[in-house]
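Questions regarding the structure given below will be posed in turn.
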Amino acid sequence: MERVEIIFPENIHFTTELTVRITDLNYGGHLSNDRVLALAHEARVQYLNSLGFTEFDLSGVGLIMADAAIQFRSEAFAGEMINIDLAVPEVSRVGFSLFYRMTSNDREVALLRTNLVCFDYKLRKVVSLPQDVKGLWM
């Protein structure tokens, strides 16, 4: 069986810390797979806010997720603090890749990659990444 392999980039652009809540657990008593993506979403929103942007206003355009990949590394439990590092190593004409590294107590919990595309929600179409945003990572 082929497994997803995510290699986290060297340059970290943002770090945040979130707590695993009781509502983040699954029937196995650990962090649920769908909640890992939700924690990544929260971290992404915090990162964009730190830059003065939102997912609906990235220098005049919105964002839409093209795809996501998750590599689960270890369990996490209620009350644990999850450190989330974010990095943007790849920029294209219409979007960028955002990598996430989730750790707790010096162990990797998960690695993620989301590919985000600029989107005009009024016209319902993909648009170019604004130059001022591209300049943040190039």
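Please treat every number below as a calculation from the coordinates, not as lab data. In this text the structure is predicted, and so the values were computed from the model without any measurement. As a convention, Cβ positions derive from the backbone with ideal geometry for all residues, glycine included, and neighbour counts pool all protein chains shown.
So the label point goes 7 Å from the Cα of Asp132 along Cα→C-beta, right? Which residues of the range 4-28 then have their backbone N under 17 Å from it?
Within reach of a label on Asp132: no residues.
Helix-only estimate, please: 222 nm mean residue ellipticity of the chain, summing -39500 (n - 2.57) across DSSP H runs of length 4 or more and dividing by its residues, to the nearest 500. Walk me through the numbers on the way to the answer.
Working: 2 runs with 22 residues, N = 138.
After summing the helix terms and dividing by the residues of the chain, the value is -5000 deg cm²/dmol.
Which part of the range 114-138 falls in the paramagnetic zone of Glu10, meaning amide N under 18 Å from the point 7 Å along Cα-to-beta-carbon?
Output list for this probe position: 137-138.
Go through 80-92, 15-27, 109-121, 55-67 and give me the packing order, highest mean Cβ count within 10 Å leading.
Ranked from most to least packed, the peptides come out as 109-121, 80-92, 55-67, 15-27.
Further, regarding this structure: In debye, nearest 20, what is the charge dipole magnitude of the chain about its Cα centre with +1 on Lys and Arg Cβ and -1 on Asp and Glu Cβ, if you could check?
Around 420 debye, computed over the chain.
With Cβ to Cβ distances under 13 Å as the rule, what net charge do the other residues near Asp106 carry (K, R +1; D, E -1)?
Values: positive: Arg73, Arg101, Arg107; negative: Glu80, Glu108.
So the environment of Asp106 carries a net charge of +1.
With contacts defined as alpha carbon pairs under 8 Å and 6 or more residues apart, what's the relative contact order of the chain in percent? Don't skip to the end; give the middle numbers.
Working: 264 pairs, mean separation 39.4, N = 138.
Dividing the mean separation by the residue count of the chain yields 29 percent.
Measure nothing fancy, just the Cα-based angle from helix 33-50's long axis to the longest principal axis of the chain, in degrees from 0 to 90, nearest 10.
Its long axis makes an angle of about 50 degrees.
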